[in-house]
Amino acid sequence: MIDRILVTGAAGFIGFHLLKELKKRDNQLLGVDNFNSYYDQQLKRDRAKEVDVAILEGDLSDYTFLKNLVAQFKPTHIVNLAAQAGVRYSIEEPREYLKSNVDGFFNILEVCRENPDIKLIYASSSSVYGENEKTPFLETDRTDLQASFYGVTKKTNELMARVYHEIYGISVTGLRFFTVYGPWGRPDMAYFSFTKKILAGETIKVFNNGAMLRDFTYIDDIIQGIIAAVDLGAKHEIFNLGNNTPVPLGRFIEILEDTIGKKAVKENLPMQAGDVTKTYADIEKSKEMLGYEPRTPLEKGIPKFFEWYQAYFARDLLLNLD
C-alpha cells in the first residue's frame with residue numbers, strides 16, 4: 001500500500017525539506033500552508049516552487065477547509081508541522097499562538113478522530129522542557145515549567161494528543177525538535193539573522209552575555225527522524241530529535257565568523273524573557289526505536305547553510321537587477 005502523506009506547514013523550513021525527501025520515495029504527497037507573514041512570504045513561495053509538490057493555501061483554523069481536504073485526499077498519514085513559531089514573538093503576540101498552535105491542532109485531532117486510521121505525526125519542541133535544569137532532557141522528565149507561551153502551546157499539543165489517543169484510539173507521535181538549522185531556514189533564527197548582520201557590519205545582540213548552550217540540530221538529521229517516525233506508525237510516543245551535543249553560544253558565533261570570514265560586532269545583554277539557558281537532548285529512545293543517528297556537527301552544518309545563503313541572495317540580487 002502506498003502511503004498518502006499530508007504535510008501541514010509545507011512551505012515552512014522543515015515541511016519543505018520533508019517533502020523534498022519524501023519525493024524520493026513511493027508516496028502520494030500533498031502539502032498545505034497558510035503562507036502567513038511572520039517572516040518573508042517570498043521565501044515561503046520560493047520553497048513551494050523549489051519542492052515541486054502541490055501545496056494548497058489554507059489555514060488549519062478553518063475546520064471546514066481541513067475536513068474537505070482530508071476527505072478528498074484521504075491521507076494515511078498527517079505530518080503536522082504547521083505552527084506559529086518563535087519563542088520571542090510569543091511574548092508579543094500570544095493570541096497568534098493560541099489560534100495556530102492550539103485551535104489549529106485541535107482541528108487536526110478532530111479530523112483524525114473522524115478518520116481513526118490516519119496516523120498523526122506532529123511537531124512538538126524542546127521548549128516544553130522550559131526551566132528544567134536536569135540534563136540531558138529525557139522524554140520522561142517533568143515538563144510543567146515552560147518559560148514561554150510558545151512552550152505552553154507545544155506542551156498543550158502533547159496533552160491533547162495523549163487524551164485523543166486514550167479516548168478515541170488515534171495514532172499520535174510527537175517529535176520534540178531541538179534548534180533546527182540549515183539551508184532554506186527561518187530568518188528569525190539566530191544563525192540566519194546573525195549571518196545577515198555580520199555581513200552588513202551590524203551589531204548582533206548576545207543575550208545572557210553569551211552564557212547559553214543550544215543543541216543545534218541540522219535539518220537533514222531532523223528529516224531522517226521524522227521519516228522514521230512516519231514509518232514506525234506508533235500508537236502513542238514522544239521522541240526527542242536533537243543533536244545530543246550542546247554548543248556554547250560563543251562557540252556558535254565563532255563558527256559563524258570563521259565560515260563568513262568576518263568578525264561579529266557584539267552587544268552583550270542580560271537574559272531575555274521567555275528564554276532558557278540550555279537545551280540538551282537525550283536521544284537514546286530515538287536511537288532505539290527510530291534508528292535516529294544525527295551525523296552533522298555545527299562545524300559542517302553552518303558552512304552548508306552559508307553556501308545556500310550566498311547562492312539564494314545572489315539570485316535575488318540578480319532578479320532585482322533585471
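Only Lys, Arg, Asp and Glu carry charge here, each on its Cβ (+1 for the first two, -1 for the last two); on that basis the stretch 108-229 has a dipole of about 340 debye about its Cα centre. Charged side chains reduced to their Cβ positions (Lys and Arg at +1, Asp and Glu at -1) give the chain a dipole of some 240 debye around its Cα centre. Exposed loop sites, defined as GluC sites (Glu not before Pro) outside DSSP H, G, I, E and B with at most 14 other Cβ atoms within 10 Å, are absent from the longest region of the chain, namely 1-130.
Each of GLY301, ILE227, THR259 was placed along the dipole of the stretch 223-322 (beta-carbon charges, centred on the mean Cα), and the one lying farthest toward the positive end is THR259.
Sparsely packed loop sites in the stretch 1-57 (the trypsin sites (Lys or Arg not before Pro) outside DSSP H, G, I, E and B with at most 10 other Cβ atoms within 10 Å) comprise LYS24. Comparing ILE283, ILE198, ASN243 along the charge dipole axis of the stretch 180-291, the residue lying farthest to the positive side is ILE198, per the Cβ-charge model.
Solvent-accessible area of the stretch 140-292 (1.4 angstrom probe, protein heavy atoms only): carbon and sulfur portion equals 52 percent. Where the centroid of each part is defined by its Cα atoms, how far is the stretch 29-83 from the stretch 229-293 in Å? Comparing the Cα centres of the stretch 29-83 and the stretch 229-293, I get a distance of 26 Å. Placing +1 on each Lys and Arg Cβ and -1 on each Asp and Glu Cβ, with no other charges, gives the stretch 218-313 a dipole about its Cα centre of roughly 180 debye.
Apolar share of the accessible surface for the stretch 44-109: 49 percent from carbon plus sulfur atoms, 1.4 Å probe. Remark: relative contact order (the stretch 174-271) = 47 percent; criterion is Cα-Cα distance under 8 angstrom and separation of 6 or more residues.
Ordering VAL79, PHE216, LEU138 by Cα displacement along the dipole of the chain toward the positive end leaves PHE216 in first place; charges were set at the Cβ atoms of Lys, Arg (+1) and Asp, Glu (-1).
Solvent exposure of the chain, expressed per residue, is 45 Å² of accessible area, with all protein chains present and a 1.4 angstrom probe.
State which entries of LYS154/LYS300; LYS99/LYS134; LYS24/LYS278; LYS23/LYS235; LYS134/LYS263; LYS134/LYS304 exceed 27 angstrom in Cα-Cα distance in the structure shown. Where the Cα-Cα span goes over 27 Å, the pairs concerned are LYS154/LYS300; LYS99/LYS134; LYS24/LYS278; LYS134/LYS263; LYS134/LYS304. When only alpha carbons of the stretch 195-314 are considered, Rg and Dmax amount to 16.7, 51 Å. Calculated on the alpha-carbon coordinates, the convex hull of the chain measures out at 131 cubic angstrom per residue.
Please say if the stretch 85-169 is rounded, prolate or oblate, where rounded means a/c under 1.5 for a ≥ b ≥ c the square roots of the C-alpha gyration tensor eigenvalues, and otherwise the choice is prolate for a/b larger than b/c and oblate otherwise? Oblate, since a/c reaches 1.5 and b/c is not below a/b. Under the shape rule built on the C-alpha gyration tensor, where the axes satisfy a ≥ b ≥ c, the stretch 1-83 is oblate, since a/c reaches at least 1.5 while a/b does not exceed b/c.
The values are calculated or read from the model by the stated rules, or taken from the named source; none is laboratory data. For clarity, every value in this text was computed on a predicted model and none was experimentally measured. Backbone-built Cβ (ideal geometry, glycine too); neighbour counts: all protein chains shown. What goes into the accessible areas is simple: the full protein's heavy atoms, side chains included, and nothing from ligands, DNA or RNA. Shrake-Rupley method; radii C 1.70, N 1.55, O 1.52, S 1.80 Å.
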